[in-house]
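The values are calculated or read from the model by the stated rules, or taken from the named source; none is laboratory data. Every value quoted in this text rests on a predicted model; they were computed, and no experiment measured them. Cβ sites come from the backbone with ideal geometry, for glycine too, and all protein chains shown count toward neighbours. Heavy atoms of the whole protein, side chains included, go into the accessibility calculation; ligands, DNA and RNA do not. Shrake-Rupley method; radii C 1.70, N 1.55, O 1.52, S 1.80 Å.
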Amino acid sequence: MSVLAASQEHDIAVVGGGLVGAAVAYGLARAGQRVALLDGGDAEVRASRANFALVWVQSKGLGLPQYAHWTVRSSDAWAGFAAQLKEETGLDVAFERPGGFQLALSQAELETRAAQVNRLHNQAAELPYRTEILDRAEIESMLPGLGPDVVGGSFCPIDGHCNSLRLYRALHMAARLHGVRYLPSHRAERIACERGAFRLATTAGDVRAGKVVLAAGNANLHLAPMVGLEAPMRPERGQIMVTERVAPFLRYPVATVRQTDEGTVMIGDSKEEGTSPDGLTMPVNAVMASRAMRMFPVLGRLNLVRMWAGVRVMTADGFPVYDQSETCPGAFVVCCHSGVTLAANHALTLAPMIAAGRLDADLLGPFSARRFHVPKAA
Amino acid sequence: MFRRLPEAAGAALAVSVDGQRVEVRAGDTVAAALLAAGFGHCRTSPVSGAPRAPYCMMGVCFECLVTVDGVGNRQGCLVPVREGMLIETQRGEREVGR
């Protein structure tokens with residue numbers, strides 16, 4: 001059977017096989033949809049290969065309180081979601097929610113952080129989570145081995161993390177078990193809306209489907225306008241360093257340093273402009289390593305085993321974009337930075353709405369790209 | 001199990017392996033010295049607990065990890081012995097402080 005003939009049977013095509021696309025495809029299949037999951041080739045620029053695996057709440061929602069609610073909803077759903085994935089695939093994605101820290105290495109950093117947390121709490125009377133500012137002594141009792149330069153930090157009791165590589169694998173496996181047809185090396189290049197259905201021209205031929213979900217990360221910038229949607233993006237480069245495996249010593253994830261369930265320590269503490277994941281920026285790596293060692297001096301004795309760069313999916317204002325096209329109904333766009341944190345929402349809440357053909361306006365209205373249409377002041 | 005080649009003639013040195021004095025030869029790597037001294041393994045696997053011994057002897061396989069002078073997970077096959085060196089075999093995963 002040719003790809004074209006088979007693809008006529010798809011209710012919906014999901015464009016993008018990263019964490020976001022795979023979570024949506026999995027959720028759609030569980031909702032009874034016949035799904036094709038279109039992915040690029042192995043050499044594509046993928047945000048999913050450079051994420052930090054945090055399921056993170058603190059700091060979320062400054063400027064858009066509904067984002068705090070959306071994030072907490074996913075964080076709260078995560079334990080059940082992880083259990084469901086384990087039941088269906090046998091894979092343990094190692095989700096833990098012990099609470100998490102952001103550490104300050106100077107009084108100025110601590111004051112900046114405290115002001116952010118204060119603004120966050122003031123902005124919405126009913127912020128659905130609390131972040132506390134803790135002094136050094138309080139943090140030291142929770143994080144033994146803390147370096148002398150740490151003056152304090154913030155702690156949010158519902159922050160957590162997981163093993164994101166295993167999450168990626170579990171989502172793909174679970175999606176396939178529910179009948180999702182995975183099409184690698186099918187990079188979508190053009191999408192046309194024809195008589196109420198969609199034709200996607202890919203690098204491996206055409207695929208047709210009744211509905212389409214754009215979950216292609218930064219590529220949504222170019223794909224969305226083809227179906228009457230928009231996704232203003234500003235990709236951001238980040239680097240990750242990983243140490244050899246050591247016995248567990250870091251009980252809580254820190255925003256920039258965490259120990260994985262397998263024992264490695266990940267360090268991720270950089271933001272650079274630019275869309276190239278190629279190569280390393282050594283002066284940036286040096287700062288990352290130095291800050292990590294000031295937080296936990298014992299890290300200085302460990303060997304690094306890998307470091308690499310990736311490109312974050314980032315919308316123009318940093319908040320997710322969820323929309324259905326007005327001119328091409330049945331076309332949806334899903335863009336967000338936090339594909340790990342929001343994976344539970346994408347599979348359990350967003351996908352059933354897409355399957356039903358309507359995004360809940362109360363829950364997702366604030367994330368429409370129409371928010372970018374504010375007339376600029378003269 | 002291993003015998004030295006007759007022409008191997010480095011000067012005799014002494015190192016400590018798990019607190020025990022061991023005679024080695026200048027020019028030995030830590031891994032070679034352990035094998036020549038009859039150590040059947042140098043660590044246990046963090047995953048299964050099984051004993052592991054030096055294998056590739058050229059820096060690739062990471063089987064010969066030992067603690068040298070207090071620093072864990074050194075590749076024994078890449079570290080030349082030195083008089084008085086403190087070598088410790090490892091049990092399971094490296095601890096972060098050593």
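Structural remarks
- Here A:Arg306 clears all of (1) basic (Lys, Arg); (2) touching a Phe, Trp or Tyr at 6+ places or on another chain (Cβ under 9 Å); (3) surrounded by fewer than 18 Cβ atoms within 10 Å (Cβ to Cβ) except the condition numbered (2).
- For the range A:2-37, a residue qualifies if it is among the small types (Gly, Ala, Ser), at pLDDT below 85 and not in a helix (DSSP H, G or I), and exactly one does: A:Ser2.
- On inspection, B:Gly97 fails the criterion of being within 14 Å of chain A (Cβ to nearest Cβ), at pLDDT 95 or above, touching a helix residue (DSSP H, G or I) at 6+ places or on another chain (Cβ under 6 Å) and part of a loop (DSSP other than H, G, I, E, B).
- Candidates A:Ala247, A:Ala316 - the one that is over 22 Å from A:Gln102 (Cα atoms), of a type in the set (Gly, Ala, Ser) and within 14 Å of chain B (Cβ to nearest Cβ): A:Ala247
- Subset of the range A:102-120 that is touching a helix residue (DSSP H, G or I) at 6+ places or on another chain (Cβ under 7 Å) and among the hydrophobic types (A, V, I, L, M, F, W, C) - its residue that is farthest from A:Pro65 (Cα to Cα): A:Leu105
- Considering residues of the range B:23-51 that are in contact with a Lys or Arg (Cβ under 8 Å, 6 or more places away or on another chain) and part of a strand (DSSP E or B) only, the residue farthest from B:Val66 (Cα to Cα): B:Arg25
- In the range A:142-160, the residues that are open to solvent by 10 Å² or more (accessible area, probe 1.4 Å) and either at pLDDT 95 or above or among the charged types (D, E, K, R) (or both): A:Met142, A:Leu146, A:Pro148, A:Asp149, A:Val151, A:Phe155, A:Pro157, A:Ile158
Here is a yes/no grid of residues against (1) aliphatic (A, V, I, L, M); (2) open to solvent by less than 60 Å² (accessible area, probe 1.4 Å):
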| site | (1), (2) |
| --- | --- |
| A:Val321 | yes, yes |
| A:Ala331 | yes, yes |
| A:Asp362 | no, no |
| A:Pro366 | no, yes |
| A:Ala369 | yes, yes |
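- Those residues of the range A:250-265 which are within 14 Å of another protein chain (Cβ to nearest Cβ) and assigned to a strand (DSSP E or B), in sequence order: A:Val257, A:Arg258, A:Gln259, A:Val265
- Checked against the criteria, A:Ala347 does not count as out of contact with any strand residue (DSSP E or B) (no Cβ under 9 Å at 6 or more places or on another chain), open to solvent by 60 Å² or more (accessible area, probe 1.4 Å) and either among the small types (Gly, Ala, Ser) or in the same structural domain as A:Thr243 (by TED's automatic domain parsing) (or both).
- Considering only residues in the range B:52-74 that are without any contact (Cβ under 8 Å) to a residue 24 or more places away in the chain and either open to solvent by less than 40 Å² (accessible area, probe 1.4 Å) or in contact with a Gly (Cβ under 7 Å, 6 or more places away or on another chain) (or both), the one that is nearest to the other protein chains (Cβ to nearest Cβ) turns out to be B:Asn73.
- Within the range A:221-267, the set of residues being closer than 30 Å to A:Ser368 by Cα, open to solvent by less than 20 Å² (accessible area, probe 1.4 Å) and over 20 Å from the mean Cα position of the chain (by Cα) comprises A:Val227, A:Leu229.
- Any hit, the range B:82-91, residues being within 14 Å of another protein chain (Cβ to nearest Cβ), part of a loop (DSSP other than H, G, I, E, B) and not small (Gly, Ala, Ser): no
- Selection within the range A:286-312: residues that are in contact with a strand residue (DSSP E or B) (Cβ under 6 Å, 6 or more places away or on another chain) and assigned to a helix (DSSP H, G or I). The member of this set that is farthest from the other protein chains (Cβ to nearest Cβ) is A:Met288.
- Qualifying residue in the range A:226-241 (condition: within 14 Å of chain B (Cβ to nearest Cβ), closer than 30 Å to A:Val14 by Cβ and outside any helix (DSSP H, G or I)): no
- In the range A:102-132, residue least open to solvent (accessible area, probe 1.4 Å) [restricted to those that are within 19 Å of A:Arg294 (Cβ to Cβ) and free of Cβ contacts under 8 Å to residues at least 40 places away in the same chain]: A:Ala108
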